[in-house]
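The values are calculated or read from the model by the stated rules, or taken from the named source; none is laboratory data. Everything numeric in this text was worked out from a predicted model, so none of it was measured. Glycine gets a Cβ as well: all are built from the backbone with ideal geometry, and neighbour counts include every protein chain shown.
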Amino acid sequence: MMSIQAELILEKVREQNPLVHNITNTVVTNFTANGLLALGASPVMAYAKEEVADMAKIAGAVVLNIGTLDERIVESMLIAGASANKHGVPVILDPVGAGATPYRTETAKMLAETLDIAVIRGNAAEVASLAGENWEIKGVDSGAVRAGDASSLSVKAAKQLNTVVVITGKTDFISDGERLFSCKNGHKLQTKVTGTGCLLSSVVGAFCAVEKEYVFAAAAAAAVYGCAAEAAVERLNRHEPGSFQIEFLNKLYNLEPKALRERMKLEEVLA
Ligand code: ATP
Ligand code: TZP
Ligand code: MG
Ligand code: MG
C-alpha cells in the first residue's frame, strides 16, 4: 500500500510557486485567486481566445471550470486545453453542475473527450453524469450520496475517461482506475462557502504542476485541503461560514507540516 508524501508535495508548491491558469466561473474567481496565493501558487485568470494558448503554454497547470458557461468560454477552453496538451501542461476539469442541464453535461463530456485531461474533480453527481449515470443533482450541489457508491464510481469513471478522478464529499475518493485512495479530512462548513469545490480543483492544478504522478498529486491536494479546513475550524469562536472562509485562507497559507502529519486521514484502499 502506497503512502503519499503530501507534505513534500505541499513544500514543492510553496517553493516553486507554480503558475496556475484558470478559466473559471464568475462566482469563484476572487476566492480561487486568493486561495491559490495563500497556498503558495501563482494564479492567473485569462479567458480571451486571443491569449489563452500563450498563457496555457507557460503555465504549470490549466484549470477548466464550467460553472458559468457560454459559447465564448467553451471556445477558449478548447484552445487553452489544446495548447496545454501540446506543451505537456496538465489540464484539470471541474464539471460544475454537469447532470443539471444538458448543455453542462454535453460540454463537460465534449471537453473530457476532446482534451487529454489529467484530473477531473467534481461531486458524485457531476462525475456520474460524465460516466453516463444519472444521479440526483440540484443546480451545482450534489444530492445525498453513499460513500460506497462514490468510491466505486471514482474507479469506474477513471477507467472509462482514462484520467484521474477525484470525487469529493464527506469522504473524498481519488482514483486513476487502478489505485484508489480515500481521504476523510475536511469539515461540513466547507459546504456553506461557495467555491470550496472549485478552489480545490485549482489546488489540484497547483499540485499537478509540481508532481507528475497525478493520482498522488490529486490525493495530496485533497488531504492538504481537508486538513487546512479542519485546522481553520479550530480557530473559530463560532462555527459560521463567513469567519470560516477567512480562517480557511489563513490555514492554506500557514498549515504546518507537523499539523498535516498529525491530521491527515489519507489511505489507499482496495479498488
Ligand atoms: P457540492 O456542490 O456538491 O458541494 P463541490 O464542488 O462544492 O460540491 P464538495 O464536494 O463540497 O465540492 O467538496 C469541497 C470540499 O469540501 C472538499 O475538500 C470536501 O472534502 C469537503 N467536504 C464536502 N462535504 C463535506 C462534509 N460533509 N464533511 C467534510 N468535508 C466535506
Ligand atoms: N453557480 C454556478 S458556479 C457556482 C455557482 C453557485 C459555484 C460553485 O462552486 P462549488 O465549488 O462547486 O461550490
Ligand atoms: Mg461544496
Ligand atoms: Mg463544485
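Observations on the model:
- Residue in the stretch 169-184 that is buried (at least 24 other Cβ atoms within 10 Å of the Cβ), part of a loop (DSSP other than H, G, I, E, B) and in contact with a strand residue (DSSP E or B) (Cβ under 9 Å, 6 or more places away or on another chain) present: no
- Taking each residue of the stretch 171-184 that is without any contact (Cβ under 8 Å) to a residue 40 or more places away in the chain and looking for partners that are of a type in the set (Lys, Arg) and surrounded by 20 or more Cβ atoms within 10 Å (Cβ to Cβ) with beta-carbon atoms closer than 6 Å, six or more apart or interchain, yields nothing.
- With respect to the stated conditions, residue 28 is aliphatic (A, V, I, L, M) and within 16 Å of ligand 3 (Cβ to nearest atom).
- The stretch 226-244: number of residues that are under 10 Å from residue 193 (Cβ atoms) and either polar (S, T, N, Q) or in contact (Cβ under 8 Å) with a residue 12 or more places away in the chain (or both): 3
- Test: residue in the stretch 203-213 that is modelled with pLDDT of 95 or more, farther than 13 Å from residue 10 by Cα and either of a type in the set (A, V, I, L, M) or part of a helix (DSSP H, G or I) (or both): no
- Count - residues of the stretch 192-228 that are touching a strand residue (DSSP E or B) at 6+ places or on another chain (Cβ under 7 Å) and within 14 Å of ligand 4 (Cβ to nearest atom): 7
- One residue stands out among those in the stretch 56-66 that are assigned to a helix (DSSP H, G or I) and either aliphatic (A, V, I, L, M) or at positive phi (or both): the one that is nearest to the chain's Cα centre (by Cα), which is 56.
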